[in-house]
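What follows draws every value from the coordinates through simple rules; no lab data is involved. Since this is a predicted model, take the numbers as computed values, not measurements. Cβ coordinates were reconstructed from backbone atoms using ideal geometry, including for glycine residues, and neighbour counts include every protein chain displayed.
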Amino acid sequence: MYLHAVSPQPILYSYFRSSCSWRVRIALALKSIDYETIPINLIKDGGQQLAIIEYLEETRPTPRLLPQDPKKRAHVRMISDLIAGGIQPLQNLSVLKQVGQENQLTWAQKAITSGFNALEQILQSTAGRYCVGDEVSMADLCLVPQVANAERFKVDLTPYPTISRINKTLLALEAFQVSHPCRQPDTPPELRA
Amino acid sequence: MNPVVQQPVDFGILPGSLRPCPGEESAGGPQAWGLPVCPVQATSSIRSLSPQFSEEFQALNPMKQVPALKIDGITIGQSLAIIEYLEETRPTPRLLPQDPKKRAHVRMISDLIAGGIQPLQNLSVLKQVGQENQLTWAQKAITSGFNALEQILQSTAGRYCVGDEVSMADLCLVPQVANAERFKVDLTPYPTISRINKTLLALEAFQVSHPCRQPDTPPELRA
C-alpha cells in the first residue's frame, strides 16, 4: 500500500473587492492553480500580496510573471511597488476611514492621480503591449485592480492613455475576467456580473 | 589597463546602503560590500550630479521620490525593486534566503513595512493630514503595522527577522524603528522588534548607512 503525499489545495483568504486579493487571484488564474476561497470581510489591505505573487512565481514558474532579464525584472518590480506601495495603501479602506467621510473622495483621487502621473511617465519607456514589454507580468496584475479603484473614485483617466490602453488589453484576458470582483464567491448580489 | 567602471549615481539613501571604496573600481566593480564609506567617494557622488540636477532627476524618477538608483545603464525607483535588482546581479552576500518559503517570509515582512507602514507616515502624506494631526497619524500607522509585525516575527525570527541571516526584511526594519522613535512610539509592546533592531545596529553596514553619517546630513544631526 502506498501513501501518497498529496499537497492540500491552496487556500486563498480573499475579499472580493480588495485590489490586493484581486492581484493574487489573477496570478492563480494565469498559473492555472486551483484554490479554495475563504472570504474575509473588510480585509486589512496590507500590500503584502506581492510576496505571495513572488512565491507563486518561484514555486510554479510557468507561465512566467516576471521576465528573465534582471533589468526588466527591476522595471516590473518598480511598477508593482509604485502601485502596491505608493498608491493603494493611501486609498485603502482603513486610511479612508481615518480621513473622514467628507474628505475621502478628494484624498483618494489625489493619491491615485499622483501615482498615475508617475506611472504614465514610467510606462513611456517600459511598455509594449503590456506594462513591461509584450508579456503579462506582476506589474499588470497590479495595474488592473488599481484602474478599477480609479474608476470607483471617479478619477479622470484622460491624462493616462497608456494606462488605459494596457488596462483594456488586459481585461480581455480570461485570467483577469475570472478573478474580477464581480465574479467571486463573496460578491454581493447587487454587484454580481 | 584597468577597466573604467561607472560608479552608480546614488540619488538617495538606500535602506542598509552599502557602498564600495574607490579601490574597488578598478577591480571591475564593487567586490565586497559593507566597506566603510570613504569621504572621497561620498563627495564625488555629490559632485557628479549635473547642473540640470532637477531635470535629470525628474526625468529618471517621475514621482520625485527618494531613493532612485542609476546603475548598469538603467534607473530604478522603489527601494525593494532596487534591492531585488542588486540581489539578482550581485548575489553575494545574500539578502534573500535560498528557500522559497523563507524568501516569502522575507518579502512579506518587507512588504508590510515598505508598503503597509512607511507610505502612511511619509513626508507628503503627513503634509496632507495637517500639522496638528501629524503625530497621532504617524503613531497610528506605525503601531498598527508593528502590532502585526511583532506577531509575524514570533514564527519567523531567529537572530534576525527571518532566521539567523540578515535579509531584506532587516534592511526595512531598522529605518522603520528609527521612524518610530522619531514619532515617539512606545516600543515596549514590541520586544522582538526591539531586540532585532539592536542586534542589527551593531553591524557595520547599518552604521555607515545611518542618516547621521551621510554627505547631506545637517551639522546638528551629525553623529
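Here are the numbers:
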{"quantity": "10 Å Cβ neighbours from other chains, averaged over peptide B:101-109", "calculated": "4"}
{"quantity": "Cα-projected label distance for B:Ser144 with A:Arg129, points at 7 Å along beta-carbon direction, nm", "calculated": "4.0"}
{"quantity": "Average partner coverage of A:87-98, which counts Cβ from other chains inside 10 Å", "calculated": "3"}
{"quantity": "Taking A:Asp69, A:Asp156 and counting other C-beta atoms within 10 Å, the order from fewest to most", "calculated": "A:Asp156, A:Asp69"}
{"quantity": "Sorted by Cβ neighbour density within 10 Å, fewest at the top, the residues B:Ser144, A:Ser19", "calculated": "B:Ser144, A:Ser19"}
{"quantity": "Residues A:Arg165 and B:Arg182, FRET efficiency given R0 of 45 Å [Cβ-Cβ distance, rounded to 0.05]", "calculated": "0.60"}
{"quantity": "Chain A, relative contact order in percent, only Cα pairs under 8 angstrom and at least six apart counted", "calculated": "27"}
{"quantity": "FRET efficiency, A:Asn117 to B:Gln154 (Cβ-Cβ, R0 45 Å, nearest 0.05)", "calculated": "0.65"}
{"quantity": "Reach of B:Lys184 by Cα under 17 Å, taken over aspartates and glutamates that are not fewer than 8 positions away in the same chain", "calculated": "B:Glu132"}
{"quantity": "Hits among lysines - C-alpha to C-alpha of A:Lys168 under 20 Å, sequence gap 8 or more where chains match", "calculated": "A:Lys154"}
{"quantity": "At R0 = 30 Å, FRET efficiency that the Cβ-Cβ distance of A:Arg60 and B:Gln98 yields, to 0.05", "calculated": "0.95"}
{"quantity": "Residue order, fewest to most surrounding Cβ atoms within 10 angstrom, among A:His75, A:His180", "calculated": "A:His180, A:His75"}
